[in-house]
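The values are calculated or read from the model by the stated rules, or taken from the named source; none is laboratory data. Being a predicted model, the structure only gives us computed values, none of them experimental. Neighbour counts are summed over all protein chains in view; Cβ atoms, including those assigned to glycine, are modelled from backbone coordinates with ideal geometry.
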Amino acid sequence: MNCNALDRRNFLKVSLIGGAALAMPWSASRARAAADPAAAAKPLCRVAVTAGEDRADLAFQALKPFSKQVAAAIGDKRVIIKPNNLVINRPLAASDAKNLEGILEFLKSIGKAGNVVITESPAMGSALEGFANYGYDKLAAKYGAKLMDLDQGDFETIYCFDEKDFRPHPCRMGKCLLDPNSFVISAAKFKTHDRVVATLSLKNIVVGAPIKREGGEKAEGGYLGNSDKPVVHGGGVRGINYNLFAVGTRLHPHLAVIDGYEGMEGQGPGNGTPVQSRVCVASPDWLAADRVAVELMGIDFAKVGYLNYCAQARLGEADLAKIEILGPALKDYIKPYQLPRNIEQQLIWMKPVS
């Protein structure tokens, strides 16, 4: 193929095909199901949903069905818990300490609390200051976990797409999240988003991974600050949706724990208003967990671009008919979230590039 043929109209299409091809080896269970009609009729993955008034216990109970699976997957690896702390001084925009307590108690129950790190790179401010504001320091002391500022650790460069110039841009990302000896838990929460409709377990990892530090790219018309987070945002709605998919093929959670006890609707991810959903979603299949969370938020899955890209590339299960729900019926706990005011502009990813 002539490289010049990759114009604005067919770039995303060709890239998605390539991403799907790369993802195929991860789908052995689906291949077996295709070869065995009986297996195809059975759910390919499980997602636990819990409901109640004890936030920590919701996370603990949601994780219990996966005890053996998670313990085996962790093995001797270091456990990385990545909360979603967009800012360091607004609790509604951050992962609650009670949710993290449930995760840590679960890790303790399966004998995997001995090497745990809680790390974050907030959009603004110091992660450690945010941890203190949100009470994580007390949790760390109770369970023997370490607190780490992702911005101060080692990084690895990953290249991200920008829709404004259709070129790759280097993005420095926290190395511990990419380390094959790390088992990454996304401690996310239900929130709407002003660019990608909803932010859940995958986005918590991919957009939280870029670090803030002097020495970032300073290209003409590019990113002049000390944060590489704008790089992964890709210059617009199409760019961020594509980057979440593309980076997600390599950088994604091994376990999703999505706190819906008190979510955020409207002008998320930072300036929305609370929704009392009183649920928690957990699964080793992060895409299935995000899919179930979207359903519980009353959001049309077809509107969430990056998750649809991930589903097309078979990075996980997004078909509700193939997801076994462990817990109450979803229909009994769906609570429609108000979407951001700019939702129509966000849906430009669904339209052809002009």
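In the range 73-87, the residues that are within 16 Å of residue 210 (Cα to Cα) form Cβ pairs under 7 Å with partners that are among the basic types (Lys, Arg) and not in a helix (DSSP H, G or I), at six or more places apart or across chains, as follows: 84/189. State all residues of the range 299-341 that are of a type in the set (Ser, Thr, Tyr) and either out of contact with any helix residue (DSSP H, G or I) (no Cβ under 7 Å at 6 or more places or on another chain) or under 17 Å from residue 245 (Cα atoms) (or both); if no residue qualifies, say none. The answer is 306, 309, 337.
Total residues in the range 133-174 satisfying the condition of being out of contact with any helix residue (DSSP H, G or I) (no Cβ under 7 Å at 6 or more places or on another chain), more than 30 Å from residue 353 (Cβ to Cβ) and surrounded by 14 or more Cβ atoms within 10 Å (Cβ to Cβ): the figure is 4.
The lone criterion from (1) free of Cβ contacts under 8 Å to residues at least 60 places away in the same chain; (2) crowded, with 22+ Cβ neighbours inside 10 Å; (3) within 19 Å of the chain's Cα centre (by Cα) left unmet by residue 117 is number (2). Here is the figure for the range 299-338: residues that are within 19 Å of the chain's Cα centre (by Cα) and either at pLDDT below 95 or under 27 Å from residue 249 (Cα atoms) (or both) total 23.
Within the range 92-139, work out how many residues are of a type in the set (Gly, Ala, Ser) and farther than 19 Å from residue 227 by Cα.
Of the residues in the range 92-139, 11 are of a type in the set (Gly, Ala, Ser) and farther than 19 Å from residue 227 by Cα.
Residues of the range 41-77 that are at pLDDT 95 or above and among the charged types (D, E, K, R): 46, 53, 54, 55, 57, 64, 68, 76, 77. Taking (1) within 29 Å of residue 309 (Cβ to Cβ); (2) at pLDDT 95 or above in turn, residue 140 satisfies each apart from (1).
Within the range 280-338, the set of residues being closer than 26 Å to residue 102 by Cα, aromatic (Phe, Trp, Tyr) and part of a helix (DSSP H, G or I) comprises just one member, 286.
Considering (1) under 24 Å from residue 191 (Cα atoms); (2) surrounded by fewer than 21 Cβ atoms within 10 Å (Cβ to Cβ); (3) of a type outside the set (S, T, N, Q), the lone condition that residue 93 does not fulfil carries the number (2).
Is it the case that residue 195 is out of contact with any Gly (no Cβ under 8 Å at 6 or more places or on another chain) and modelled with pLDDT under 95? So residue 195 does not fit the description; no. Is it the case, given these coordinates, that residue 246 is assigned to a helix (DSSP H, G or I), crowded, with 23+ Cβ neighbours inside 10 Å, aliphatic (A, V, I, L, M) and at pLDDT 95 or above? Yes: the conditions hold for residue 246.
Only residues that are at positive phi and in a strand (DSSP E or B) were counted across the range 67-92, and they come to 0. Note on the range 105-156: residues that are in a loop (DSSP other than H, G, I, E, B) and not hydroxyl-bearing (Ser, Thr, Tyr) amount to 15.
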